[in-house]
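Read-outs: derived from the displayed coordinates by stated rules, not from any lab. Just so we're clear, the structure is a prediction, and the values are computed from it rather than from any experiment. Because the Cβ atoms are built from the backbone with ideal geometry, glycine has one as well, and the counts that use them run over all protein chains shown.
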Amino acid sequence: MVDYQPNAVLSTQEFKVVGSRPIRHDGADKVTGRAQYGADIQLQGLLHGKILRSPHAHAKIKSIDASKALEMPGVHAVVTSADWEQPSGKIEDLAEGSIHNLRFLSNNVLAYDKALYKGHAIAGVAADNPHLAEQALMTIKVDYEVLPPVVTFRDALKGDAPILHERLQSLSNPGLRAGGYKSDDDTSKGTNLANQFEFKLGDIEKGFQEADLIIEKETNTSAVHQGYIEPHTGTARWNTDGSLTVWSSTQGHFNVRDLMSRMLGLPVSKIKVIPMEIGGGFGAKGIIYSEPVAALLAKKANRPVKVTMSRTEVFEASGPTSGTNVRVKLGATNDGKLVAAEAHLTFEAGAFPGSPVPGGCNCIFSAYDIPNTYLEGIDVVINKPKSAAYRAPGAPAAAFCMETAIDELCEKLGMDPLEFRLLNSAKEGTRRATGPLMPYVGFVETLTAAKEHAHYSTPLEGPNRGRGVASGFWGNGTGPASAMAIVNNDGTVNLVEGSADLSGTRVAFAQQAAEVLGIAVEDVIPSVGDTESVGFTSNSGGSGATFKTGWATYEAAQDVKRQMIARIAKVWEVSEGDVEYVDGVLQHKSDPELKMTFQQVAARQNATGGPITGQAGVNPGGAGPCLATHIVDVEVDPETGKVTVLRYTAVQDVGKAIHPGYVEGQIQGGAVQGIGWGLNEEYFTSDQGVMMNSTFLDYRMPTSLDLPMIDTVIVEVANPAHPFGIRGVGEVPIVPPMAALSNAIHGATGVRVNQLPMTPGAIMEAVWDKNGK
Amino acid sequence: MADVWIPTGMQILTDGNQRVQVVGRTVRQIINNLETQYPGTKSRIYDEEEDDLLPGVAVIVDGEASQLGLLERVEEESEVHFLPAIGGG
């Protein structure tokens, strides 16, 4: 029986509202089914769109004949890539890391001249109902010239490999992660090697010469899906003035707007995107699939169209994360000091360039102080769905190799793994492998908290059991964000902000506004504004929403305070400098008789000058990285290799937990996804590029029935770049679990499994190899 | 003068130097002066048509990823890096 340890918050700074656990404003609607998700939208005259998808992983599209479909009663439109102009192949930056080669993106939404993966969208149909639309799909005749596919990076890099994109330019520029497009007069041979990145620090050869012990390790991971429970969906309606309204399940409605503007050739002012409640995204809903097709169909049909993916379509035609190969070489002295580290990361991008290999390079060594390093990252295209972001993109696969290599080092050195990490920990001022200096971070604090946790010191008894630890790093993002605080005359505030709410962020913003204004959080009513109701806000991703839109909220609330001070100074006929705002009360600094509450000023706002609305548009720097350390106990069945997770503790530096309950949820959710990635999940793909397990029955994700409670320790090392000390929290929890599990499995069995997932079969094969069977 | 770190792939343009000293009070001035010292470097990180950093290039000044790009202030002792922009999930 495992003792349950309550979640802990190790706090360094207390506030009145920030740090409390109010009930989220959207909670009741979500648990009672009233919340409106993308597929819930109902409009007059709504048609249903379905997509015809390629059965081949690699094929030229010679012709498409949709005449039979168009003859069917109830079918109103068919679209292909011929229905829009091919965008430029120039890469564009749509703000906050939203980098796109629009030609590749539009080709992914609707194939242009080639089908590049099984499931690639070829045509769209709009009909009176989804079943009729599916029947119509079956009548569309596509003449394919089937080509041999490449489904592994090794095959893709061979000299005689089939080439996916004849115009793909192989790049080594730091800027061009999304792949380049050769100019039209460049006739050089095509390549599947999209990008190559290199980072050097110190003298790697000298570093290895100084090492007493060198470990080399190679790991492989399969593509896995983010597994959000809500499929992609988009609904489009053209208005009589030629503008377009889109309802979307998205992490970034402004990004949807801007991408559709480029792809449809419509000004942004003519597109309104309304973000619906979102049933999970984890990074993968920062891109578009359904919305442009819905818009094209709606234009042709002259009626609104909704396009919603099935689960199989989500697996086969939206972006999993990359399959990877990572090779690490570490050198350390006999007393455990890391002196050299080298890594080669090869990531499969899928059908179009842009895997998260730069993220892997950015993170793999960042938790440690290593003076001599070399990093190489390679981005390879293959005939599989284009990879998409998944929680700390690039970092989990990188950490799987690095953190298990560290475990091997510790074993050979006879050193405690947490002591090793403390000895080599990155701190403020540590030079990172990619070059910059580390800002103020809480790695030492998380390691210390892990070391002092009861889990780490509790003896692990019983046969076939092992304990593993691993750490993880993620850089965290930021970007432009906007908020408006509208004061109502009853003393409440409508807070309109621009961040799609994936994780309870709207209540976190309400808390921050309430803290600034000195009012109850229940008196702040948050909502997510559409693209016409609030200023530009970049995607809810990169663990940046609570930081950047928290800043916007903070500034908007400060703006309200300033206006209230000005207003009451006018009422009292004093100078503004004589008025102070303390805990929701405006008072004269020297005359105690002059005092009014926030609610009283709010009630008189119209009579004293007009409505009070605070607003802010920000683009704040200083998001600050975060680090985590996880401890896991497992039992491995010696007959079957099945792994049972007995106990799991996740320790993380969060800066400041605005709402500890939702921070705990983020940590637990990320850990569970990492456990699934580590033990169960993978794309089974045939040698013809067909995914064989494209349902939740066969793509096995863990549920609450499979796992014990994930205990969390929230360590608060305040980020100096935010008024409440916030660091992003949502992504780093997925980084350590796979390595922690591998290290625990080693403790239980004596074998190291260097591929993911670590299925019972993979573990037994490793055990049999070790025993010479 | 600011300490400018050159991406590995670009060091061939800076005589193999990983770090070079460049005068400039903004990132724009740094890039222009770097080009003067080492011709060919500007086009690797700057988009002439958009008058902005190339898409996907992040500039890190004194350890922080800049949100102002070319406008970011650079101090006398600042450290400047050009790195791939990292997207999140």
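Taking GluC sites (Glu not before Pro) across chain B, the ones in a DSSP loop with at most 12 further Cβ atoms lying within 10 angstrom of their Cβ are B:Glu48, B:Glu49, B:Glu50, B:Glu75, B:Glu76, B:Glu77. Using θ = phi - 60° in the Karplus curve 6.51 cos²θ - 1.76 cosθ + 1.60, the 3J(HN,Hα) couplings for region A:186-200 round to 8, 9, 5, 4, x, 9, 9, 8, 7, 9, 9, 10, 9, 9, 10 Hz; x is entered for Gly and Pro.
Compactness of region A:265-421, taken as the C-alpha radius of gyration over 2.2 N^0.38 Å, stands at 1.43. Between A:Arg311 and A:Thr703, full extension at 0.36 nm per residue minus the direct alpha carbon distance yields a gain of 139.4 nm.
Volume per residue for region A:633-773 equals 140 cubic angstrom (convex hull of Cα atoms). For region A:331-341, backbone phi angles converted through the Karplus equation (6.51, -1.76, 1.60; θ = phi - 60°) give residue-by-residue couplings of x, 9, 7, 5, 8, x, 8, 6, 10, 7, 8 Hz, Gly and Pro being listed as x. Only Lys, Arg, Asp and Glu carry charge here, each on its Cβ (+1 for the first two, -1 for the last two); on that basis the protein assembly as shown has a dipole of about 1660 debye about its Cα centre. Once backbone amide H atoms are built at 1.01 Å from N, A:Lys272 has A:Leu244, A:Thr245, A:Val246 as its partners under 5 Å, excluding neighbours fewer than 5 places away on the same chain.
Calculate, in nm to one decimal, what A:Ala454 and A:Ser20 gain on full extension: separation in residues at 0.36 nm each, minus their alpha carbon distance.
153.7 nm
Dipole orientation for region A:481-618: of the candidates A:Gln599, A:Gly529, A:Leu586, A:Gly529 has the Cα lying most toward the positive pole (charges on Cβ; Lys, Arg +1; Asp, Glu -1).
Candidates A:Val78, A:Gly610, A:Ser575 compared by Cα position along the dipole of chain A: farthest toward the positive end lies A:Val78, with charges placed on Cβ. Legend: P(r) of chain A from all alpha carbon pair distances, 10 Å bins from 0, whole percents, reading 3, 14, 23, 24, 19, 11, 5, 1, 0, 0. Membrane-span-like helices in chain A (whole DSSP H runs, Cα extent of at least 24 Å along the helix axis, mean Kyte-Doolittle hydropathy of at least -1.0): A:395-413, A:545-572, A:660-679. For A:Ser533, neighbours were defined as the other residues whose beta-carbon sits under 11 Å from its Cβ, and their charges (Lys and Arg +1, Asp and Glu -1) total -2.
Taking the Cα atoms of region A:511-577, the ratio Rg/Rh between the radius of gyration and the Kirkwood radius comes to 1.08.
Paramagnetic label reach from A:Lys158 (point 7 Å along Cα→Cβ; backbone nitrogen cut-off under 20 Å): within region A:316-354, residues A:323-325, A:346-351. Ranking A:Ile287, A:Ala236, A:Ala450 by how far each Cα lies toward the positive end of the dipole of the protein assembly as shown (charges on Cβ) leaves A:Ala236 at the top. Between A:Val574 and A:Ser533, the FRET efficiency estimated from the beta carbon spacing at R0 = 45 angstrom works out to 0.80. Under 5 Å between amide hydrogens, built in the peptide plane, is the criterion, and for A:Ala351 it picks out A:Ile382, A:Lys384, A:Lys386, A:Ser387 among residues at least 5 positions away or on other chains. Each pair of Cα atoms in region A:572-706 enters the Kirkwood radius, and Stokes-Einstein at 10 °C and 1.306 mPa s then converts it into a translational diffusion coefficient of 73 µm²/s.
Taking amide H as placed 1.01 Å from N in the peptide plane, A:Leu646 has its amide H under 5 Å from the amide H of A:Asp633, A:Val634, A:Glu635, each at least 5 places away in sequence or on another chain.
Contact order for chain B, expressed relative to its length and based on alpha carbon pairs under 8 Å spaced 6+ residues apart, stands at 35 percent.
Dividing the mean sequence gap of close Cα pairs (under 8 Å, 6+ apart) by how many residues region A:203-309 holds gives a relative contact order of 34 percent.
Label positions at B:Val23 and A:Lys270, each projected 7 Å from the Cα along the C-beta direction, are separated by 5.0 nm. Counting Cβ atoms of other protein chains within 10 Å of each Cβ in B:1-9 and taking the mean gives 4.
Of the peptides A:18-31, A:494-507, the ranking by mean beta-carbon count within 10 Å, highest at the top, reads A:494-507, A:18-31.
Given R₀ = 56 Å, FRET efficiency for A:Met692-B:Glu75 by Cβ-Cβ distance, to 0.05? With R0 = 56 Å, the Cβ-Cβ based efficiency is 0.45.
For a modelled paramagnetic label at B:Asp51, 7 Å from Cα along Cα-to-Cβ, the residues of region B:17-36 in reach, with backbone nitrogen under 20 Å, are B:25-36.
Given 0.36 nm per residue, what is the gain on full extension from A:Asp490 to A:Glu218 after removing their alpha carbon distance, in nm?
Full-extension gain reported as 91.6 nm.
With a Förster radius of 22 Å applied to the beta-carbon distance between A:Leu437 and B:Leu68, the computed FRET efficiency rounds to 0.70. Where the centroid of each part is defined by its Cα atoms, how far is region A:11-37 from region A:688-742 in Å? Here the answer is 20 Å between Cα centres. Computed over region B:2-84, the percent of Cα pairs more than 21 Å apart is 16. Here the contact order of chain A, divided by its residue count and restricted to Cα pairs under 8 Å and six or more residues apart, works out to 16 percent. Mean residue ellipticity at 222 nm from the helices of chain A, using -39,500 (n - 2.57) per DSSP H segment of n ≥ 4 over the full residue count, to the nearest 500 deg cm²/dmol? For chain A, the value works out to -8000 deg cm²/dmol.
Computed over region A:220-300, the quotient of the alpha carbon radius of gyration and 2.2 N^0.38 Å is 1.17. Note on A:Asp416 and A:Met138: their simple-model spin labels are 6.6 nm apart, each label 7 Å out from Cα toward Cβ. Remark: region A:202-214, residue by residue, has Karplus-estimated 3J(HN,Hα) of x, 10, 5, 5, 4, x, 5, 5, 7, 6, 8, 9, 10 Hz, where x stands for each Gly or Pro and the curve is 6.51 cos²θ - 1.76 cosθ + 1.60 at θ = phi - 60°.
Per residue of peptide A:120-129, the mean number of Cβ atoms on other chains within 10 Å of the residue Cβ is 0.
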